[in-house]
Amino acid sequence: MSLPAAAWGTALATSVLSAGLAWYAAQALQRWLQLSHAASRYWLVAWMCAVLPPGLALLLPLPRAPLPQLTGALPVALNSLPQELLPATAATTGIDVSLAEVVPLCLWALYVAGVLLSLARWALATHRLRAVLRSSCSVQASQLPGPQSRQAVRRLQASGIAVRRTEGGGTPFAVGWPHARILLPAASLALPDRALRLVIGHETAHLHRRDPLRATLMRLVAALYWFNPFVQRIAARVQLAAELQCDARALAEAPAAGDGRLLAQAYVETLRHATALRPASALSHRDPGGHQLRLRHMLQGDAGRRPGKAITLLLAASGVTATLCLAAVQAAATAVPPSLAVPLQAASVTLLEATVPPAPAFATPVAHARVTSVFGHTSDFRQRAHRGVDFAARRGTAVQAPADGTIIAATRTYPDGPNYGTVVVIDHGGGWQTLFAHLQDYEVEVGQRVRKGEVIARTGNTGRTTGPHLHMELLRSGTRVDPQAWLQ
């Protein structure tokens, strides 16, 4: 089921708006509570508040039927609907179907193209990463600068975590799947012994926290929100908080004086050798503010508060409430108004089954008409029985309303098929409707009341025809009848 173009635009706008509210509210709340920048769970909750509402909005029980369009052979009579609904329903029925279908299709194609491009970039980065892994080799004890780094590598290898060496520059990083590994560029092996141990401890903390897997999952979800910059910003804060926690864990393991300065120097040194390969690793930030924050935490420690259990529960409850509220707003914004979800056919047929008023006095729609094809006629050109009557007429001949009525369709793309060309349909009340096809143009609009003899269109040669003429059909209580039997 496809959404109308307006609903598509509303869905995208509300998604960006809800993520923006989550982003700014999370920043304001962090400053107000003086929370630590390393509160990764806090930012993970903010990220979920940004990405969950669109999915939850689809689960809420609100009407999301598409706008009513022309379906079947003819539109149904509108006289059975409440009078106050007639203009809106008629305007919807007469909408240009091609535009209503093409615009949502283009938006959907643009969205899918963005998702595929994001996934392609992730796949390319993964391919490059795999190439680096294949070209790496095990780190030998002789390649390490001292006993502390060697002891750290031995402990990792004993626990099943491989430590491998890559050629060239780059930054150290950890890989969690399919096997846990830590990759050290050749340049990082030139660091001082204790500084390298701190770097290895940082990457080990990433593996213990399962950060590589979490970062991969978040990146895949971010592909669905490629158009939303706030989702990307919150995800970056989640990663930064994880880096700060890993820094703190590395410094807390066998602490010694000057470790913070050593890690800060190692951080700056590895940034100098950074390359284009940037997985979810320790030293791969692009944001200058993130670099400064990490260096300040290494040198001065973390002065922020860690939320206690009460604040954590309060924040979790607030996050759930905010997520549900944002989902409800998005669902309401994209839901179809109940007035537009009225089943037109059901409304019409119910009244017509009880009684069928007498037919109006139908007049011939074109002056001095000559019938060229009768109702029910078949031929080599026409495979099925003719549904109406054809009148010979030159292109541009005036077509007159055969009786009083309301225009319920005036379109160049009638959904019964391209064979009809440009079509005008009049509802005369009481279950009677007339259709005129192959028109050159029309001079009426949907919802307009017309009088008998009023010019409504000009004959033409649109659709599948053998030449200019007027095709007329007559519908009685949902069934086609021979127009010639009712014309006076």
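The values are calculated or read from the model by the stated rules, or taken from the named source; none is laboratory data. Worth saying up front: this structure is predicted, and the values here are computed from it rather than measured. Here the Cβ is made from the backbone with ideal geometry for all residues, glycine too, and neighbour counts use every protein chain on show.
Pairs under 8 Å by beta carbon, first residue in contact (Cβ under 8 Å) with a residue 60 or more places away in the chain in the range 249-266, partner surrounded by 18 or more Cβ atoms within 10 Å (Cβ to Cβ) and part of a loop (DSSP other than H, G, I, E, B), six or more apart or different chains?
Ala266/Leu191
Within the range 139-193, track down each residue that is out of contact with any Leu (no Cβ under 6 Å at 6 or more places or on another chain) and of a type in the set (D, E, K, R).
Arg154, Arg155, Glu167, Arg181, Asp193
Out of (1) over 25 Å from Met218 (Cα atoms); (2) at pLDDT 85 or above; (3) of a type in the set (A, V, I, L, M), what's the single condition that is false for Ala186?
Of (1) over 25 Å from Met218 (Cα atoms); (2) at pLDDT 85 or above; (3) of a type in the set (A, V, I, L, M), only one is false for Ala186: (2).
How many residues are buried (at least 20 other Cβ atoms within 10 Å of the Cβ) and at positive phi if we restrict to the range 433-450?
1
Specify which of the listed residues (Leu207, Leu189, Leu240) is part of a helix (DSSP H, G or I), over 42 Å from the mean Cα position of the chain (by Cα) and either of a type outside the set (Asp, Glu) or farther than 23 Å from Ser118 by Cβ (or both).
That would be Leu189, the only listed residue that is part of a helix (DSSP H, G or I), over 42 Å from the mean Cα position of the chain (by Cα) and either of a type outside the set (Asp, Glu) or farther than 23 Å from Ser118 by Cβ (or both).
Quick one: in the range 386-438, of everything that is hydroxyl-bearing (Ser, Thr, Tyr) and in a strand (DSSP E or B), which residue is nearest to Gly376 (Cα to Cα)?
Among residues in the range 386-438 that are hydroxyl-bearing (Ser, Thr, Tyr) and in a strand (DSSP E or B), the one nearest to Gly376 (Cα to Cα) is Thr434.
Quick one: would you say Leu144 is surrounded by 20 or more Cβ atoms within 10 Å (Cβ to Cβ) and farther than 26 Å from Thr216 by Cβ?
It is true that Leu144 is surrounded by 20 or more Cβ atoms within 10 Å (Cβ to Cβ) and farther than 26 Å from Thr216 by Cβ.
Answer yes or no as to whether Gly201 is touching a helix residue (DSSP H, G or I) at 6+ places or on another chain (Cβ under 6 Å), touching a residue at least 12 places away in the same chain (Cβ under 8 Å), more than 30 Å from Gly114 (Cα to Cα) and surrounded by fewer than 18 Cβ atoms within 10 Å (Cβ to Cβ). Talk me through it step by step, then tell me what you get.
Values: touching a helix residue (DSSP H, G or I) at 6+ places or on another chain (Cβ under 6 Å): yes; touching a residue at least 12 places away in the same chain (Cβ under 8 Å): yes; more than 30 Å from Gly114 (Cα to Cα): yes; surrounded by fewer than 18 Cβ atoms within 10 Å (Cβ to Cβ): no.
When the stated conditions are applied, Gly201 does not pass them.
Could you tell me whether Gln448 is more than 39 Å from the chain's Cα centre (by Cα) and in contact (Cβ under 8 Å) with a residue 24 or more places away in the chain?
So Gln448 does not fit the description; no.
Kindly indicate the residue of the range 451-465 that is in contact (Cβ under 8 Å) with a residue 60 or more places away in the chain and of a type outside the set (Ser, Thr, Tyr) and also surrounded by the fewest Cβ atoms within 10 Å (Cβ to Cβ) among those meeting that condition.
Here the answer is Gly453.
In the range 416-437, is there at least one residue being at pLDDT 90 or above, in contact with a His (Cβ under 6 Å, 6 or more places away or on another chain) and closer than 16 Å to His471 by Cα?
Scanning the range 416-437 turns up at least one residue that is at pLDDT 90 or above, in contact with a His (Cβ under 6 Å, 6 or more places away or on another chain) and closer than 16 Å to His471 by Cα.
When only residues in the range 359-398 that are among the polar types (S, T, N, Q) and closer than 16 Å to Gly467 by Cβ count, which is modelled with the highest pLDDT?
Checking each candidate, the answer is Thr397.
Report yes if some residue within the range 41-55 is in contact with a Pro (Cβ under 9 Å, 6 or more places away or on another chain), modelled with pLDDT of 70 or more and crowded, with 22+ Cβ neighbours inside 10 Å; otherwise report no.
Scanning the range 41-55 turns up at least one residue that is in contact with a Pro (Cβ under 9 Å, 6 or more places away or on another chain), modelled with pLDDT of 70 or more and crowded, with 22+ Cβ neighbours inside 10 Å.
Between a residue in the range 466-488 that is assigned to a strand (DSSP E or B) and any residue that is basic (Lys, Arg), which pairs come within a Cβ distance under 8 Å, given they are 6 or more apart or on different chains?
Matching pairs, first to second residue: Glu473/Arg387; Glu473/Arg480; Leu474/Arg480; Arg480/Arg387.
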